Amino acid sequence: EILPGYIHTKGMLAAARQGDAVNPERRSSSCQFYIVQGKTFTERELQMAEARISATINEDIKYTEEEIKAYMEIGGAPWLDQQYTIFGEVIEGMEVVDAIGRTKTDPRDIPLEAINIEMEVIELRKKKIEKLYDFQYPEEE
């Protein structure tokens, strides 16, 4: 489920899961997901994130120049990389995600007022997505 080449930049959709102590196999939840908002990072902060993630998963990871640029310009949540399954990306309506991010929350980070999300999932072939949204899928190994 957790694949290299997918990072938690702003707008990514990923599957939630229980923590490693309860779920050492890191199986994704079948009914919960999150949308990454995050913040921008410096190169030094990303180097520290690489070290933390590498220690956590017992495998060296190194961000590409493109990934570093994305985290520095778009932002995201690099501490989640290689920990959770990314399965999609917001391609329209990011202003809604930003509005949700500005919502007042309690000390546990739960919104003070319920937020309902209505969305439409459209299934398209990769070639159509690449053409419509000027998007390039990572090459498969």
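Computed from the coordinates by the stated procedures, all read-outs in this text should not be read as laboratory data. Every value quoted in this text rests on a predicted model; they were computed, and no experiment measured them. When we count neighbours, we look across all protein chains shown, and the Cβ atoms used for this are built from the backbone with ideal geometry, even at glycine.
What is the antiparallel percent of DSSP beta bridges lying wholly in the chain, to the nearest 5? So the antiparallel bridges in the chain amount to around 100 percent.
The stretch 3-55 has equivalent-ellipsoid semi-axes of 22, 16, 9 Å, by the square roots of 5 times the alpha carbon gyration tensor eigenvalues, sorted largest first. Among VAL121, VAL97, VAL36, the largest mean-square fluctuation in a Gaussian network model of the chain, built with springs joining Cα atoms closer than 10 Å, belongs to VAL121.
Pairwise Cα distances in the stretch 83-141 exceed 14 Å for 71 percent of all pairs.
Out of the stretch 55-94, which GluC sites (Glu not before Pro) are coil in DSSP terms and have no more than 11 other C-beta atoms within 10 Å?
On the way: sites: GLU59, GLU65, GLU66, GLU67, GLU73, GLU89, GLU92; in loops: GLU59, GLU92.
Hits after loop and neighbour filter: GLU59, GLU92.
With contacts taken as Cα pairs under 8 Å at a separation of at least 6 residues, the chain carries a relative contact order of 30 percent. The computed mean projected area of the Cα convex hull in nm² for the structure shown corresponds, within [x] 7.3; [y] 13.0; [z] 10.2, to [z]. With all pairs of separate Cα atoms included, the stretch 25-107 yields a Kirkwood hydrodynamic radius of 14.5 Å. Post the alpha-carbon centroid distance, the stretch 6-31 to the stretch 54-107, in whole angstrom. Cα centroid to Cα centroid, the span is 12 Å.
A helix-only calculation puts the chain at -8500 deg cm²/dmol for mean residue ellipticity at 222 nm, using -39500 (n - 2.57) for each DSSP H run of at least four residues, averaged over all residues.
Loop sites only, by DSSP: take the trypsin sites (Lys or Arg not before Pro) in the chain that have at most 14 other C-beta atoms within 10 Å and name the longest stretch containing none of them. Before the final figure, lay out each step's value.
On the way: sites that count: ARG27, LYS62, ARG102, LYS104, ARG108, ARG125.
Value returned for the longest uninterrupted segment is 63-101.
Under 5 Å between amide hydrogens, built in the peptide plane, is the criterion, and for GLY11 it picks out VAL36, GLN37 among residues at least 5 positions away or on other chains.
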